[in-house]
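First up is the structure itself, then whatever we jot down about it.
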Amino acid sequence: MHVPVVIIGSGPAGLLLSHLLHVRGIDSVILERKSRDYVESRIRAGVLEMGTVGLMRDVGVDARMNAEGILHDGIYISVEGKRHHIDMKSLTGGQTVMIYGQTELTKDLIAARLAHGGDIVFGAEDVSLHDVESDRPGVRYFKDGTEYRITCDYIAACDGYHGVGRQTMPKETLKTFERVYPFGWLGVLAKARPAADELIYASHSRGFALCSMRSQTVVRHYVQVPIDDKIEDWSDDRFWHELRLRLGAEDADLVNEGEVFEKSIAPLRSFVAEPMAHGRLFLAGDAAHIVPPTGAKGLNLAASDVHYLSRALVARFKDNDDTLLAGYGVTATARVWKAERFSWWMTSMLHRFGDENSFDGRVRQAELDYVLSSQAGKTMLAENYVGLPY
Ligand code: APR
Ligand code: PHB
């Protein structure tokens, strides 16, 4: 079997890339090691830059997002219980963000791919990539014990942080950059009304907290926890009590409690792999980079990567022009590093590192004071949060 593009991974990056190619008449196949149910059950973030919204609209997979998504003009930043509004819409000349769960976006894209005859192989095991430096790369995988081989023109590794794509890059070519943070996020999904009309990022001496939402009846809240905390250390009651404490006395009653139906702890890291391309192999999304969730950039970087990659592949197949493909790594990485900086900055500024009485601790407090009292500081935060231009 030969196909123009083989995509590894049916997360947002792989699915959106496949559909962006499809609407321009370019065939692809997606090889996904997990089942469809597993992929559609993963709980992820929920803030879409309008660039990401625009891509969903470009491929015509926006009906449910338009119906159920919630536009937000700003965010709140709470410091020791004092809440400040960042009016991003006015600070950025009208730009906003949309609240719509990544889980829902993934379901919408899978449904669209399959409805348009898209080829997604769920349960594709032991995927291996071959001859990526030739003009005829190949992919081998197993499904239900049978071996399959596909030749293609290009391979897009959209297979996340633990994927096979980055591991196929020659060790002497690949350079990685990483920062691991000394804490994690305990996140819950609960059947409750949102704490406020927009997201609340809280920086408190007890630690960071975030009040987010999935709809008017489902909330997604987080608290910073020590890196070695376990789920069993956190009863629902303890979580709700801690969240209220971190919002401060004035805002504690904003929190509406409800039935918790998902609870998990995730570590925070910043990670970038360069280059994002080697021969006929291209990395996109978490396969190439990880951001701490404080800046809500993970999904949106996957979207901008596949915007660049799909545009480059279309130029190659439709106009026989390799220029954008040759420039993909540099173009995508430039935007990645700006989002990495913003995500690191938001994480460093809002979390507690246990060093409040050190030079670094005082500088962090001063950073927060400056940003919240400066038009330039708030504008910088706003234009990065809504998303820098593609
Ligand atoms: N073979 C086949 N599929 C694989 C392999 C492999 N060797 N390794 C990983 N996968 C699949 C995973 O099962 C997953 O479905 O690749 C997919 C990668 O999807 P994501 O991890 O969601 O990555 P991406 O599409 O880049 O989206 C990034 O998802 O994880 C969040 O926070 C992240 O919001 C960001 C977004
Ligand atoms: C979420 O709703 O899951 C969410 C929102 C904003 C973030 C991170 C996560 O910065």
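The values are calculated or read from the model by the stated rules, or taken from the named source; none is laboratory data. Predicted model only: the values in this text are computed from it and were never measured. Glycine gets a Cβ as well: all are built from the backbone with ideal geometry, and neighbour counts include every protein chain shown. For the accessible areas, the whole protein counts, side chains as well, though only heavy atoms, and no ligand, DNA or RNA atoms are used. Shrake-Rupley method; radii C 1.70, N 1.55, O 1.52, S 1.80 Å.
Below are the figures for this structure:
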item: Spherically averaged projected area in nm², based on the convex hull that wraps the Cα atoms of the stretch 3-78; result: 6.7
item: Cα pair distances exceeding 14 angstrom across the stretch 127-199, given as percent; result: 75
item: Nearest-10 value in Å² for the accessible area of E383, using the 1.4 Å probe; result: 90
item: Assigned charges on the beta-carbon of Lys, Arg, Asp, Glu; the stretch 302-347 dipole about Cα centre (debye); result: 140
item: Convex hull of Cα atoms in the chain, direction-averaged projection (nm²); result: 19.7
item: Probe 1.4 Å - accessible area at D322, Å² to nearest ten; result: 80
item: By accessible area with a 1.4 Å probe, ligands and nucleic acids excluded, highest first: order of L350, L71; result: L71, L350
item: Length added when fully stretched, Y38-E172, from 0.36 nm per residue minus Cα-Cα; result: 44.8 nm
item: Environment charge at H2 (Cβ cut-off 12 Å; Lys +1, Arg +1, Asp -1, Glu -1); result: 0
item: Å² of accessible area per residue within the chain, as computed with a 1.4 Å probe and no ligands counted; result: 42
item: Karplus-derived 3J(HN,Hα), 6.51/-1.76/1.60, for each residue of the stretch 219-232, Hz, glycine and proline x; result: 10, 10, 10, 9, 10, 5, 10, x, 4, 9, 5, 10, 3, 5
item: Approximate spin-label separation E125-L388, in nm, with each point projected 7 Å along Cα-to-Cβ; result: 4.3
item: Computed over the stretch 186-271, Cα set: Rg, Dmax in Å; result: 12.2, 37
item: Cβ-based net charge around D251, under 12 Å, with every Lys or Arg adding one and every Asp or Glu removing one; result: +1
item: Whole-angstrom Cα spans of the stretch 265-390 along principal axes, big to small; result: 59, 32, 23
item: Estimated vicinal HN-Hα couplings, Hz - the stretch 264-273 in sequence order (Karplus 6.51, -1.76, 1.60; Gly, Pro = x); result: 7, 10, 10, x, 10, 8, 10, 8, 9, 10
item: Additional length obtainable on full extension of the chain from E133 to S358, 0.36 nm per residue less Cα span; result: 76.0 nm
item: Binned Cα-Cα distances of the stretch 90-245, short to long, each 10 Å bin given as a whole percent; result: 8, 23, 24, 25, 18, 3
item: Within the accessible area of the stretch 179-318 (1.4 Å probe), percent carbon and sulfur; result: 50
item: Overall dimensions of the stretch 1-149 as given by Cα atoms, namely Rg and Dmax in Å; result: 19.1, 61
item: Amide H within-cut-off set for L48, under 5 Å, with H built and near neighbours excluded; result: M98, I99, Y100
item: Largest to smallest principal axis extent of the C-alpha atoms in the stretch 53-125, angstrom; result: 50, 29, 18
item: Tail weight of P(r) past 19 Å, computed on alpha-carbon pairs of the stretch 109-163, percent; result: 41
item: Residue-by-residue Karplus 3J(HN,Hα) for the stretch 77-86, coefficients 6.51, -1.76, 1.60, Hz, glycine and proline x; result: 10, 9, 10, 6, x, 9, 9, 10, 8, 9
item: Separation of alpha-carbon centers, the stretch 68-113 and the stretch 135-155, rounded to whole Å; result: 39
item: Relative contact order of the stretch 86-197, defined on C-alpha pairs under 8 angstrom at six or more residues apart (%); result: 12
item: Per-residue SASA entry for W344, accessible area with 1.4 Å probe, Å² rounded to 10; result: 100
item: Whole-Å semi-axes of the ellipsoid equivalent to the stretch 201-329 (Cα gyration tensor, √5λ, descending); result: 41, 16, 12
item: Span-rule helices in the chain, defined as complete DSSP H runs reaching 24 Å or more along the axis (Cα) with Kyte mean at least 0.0; result: 298-319, 323-350
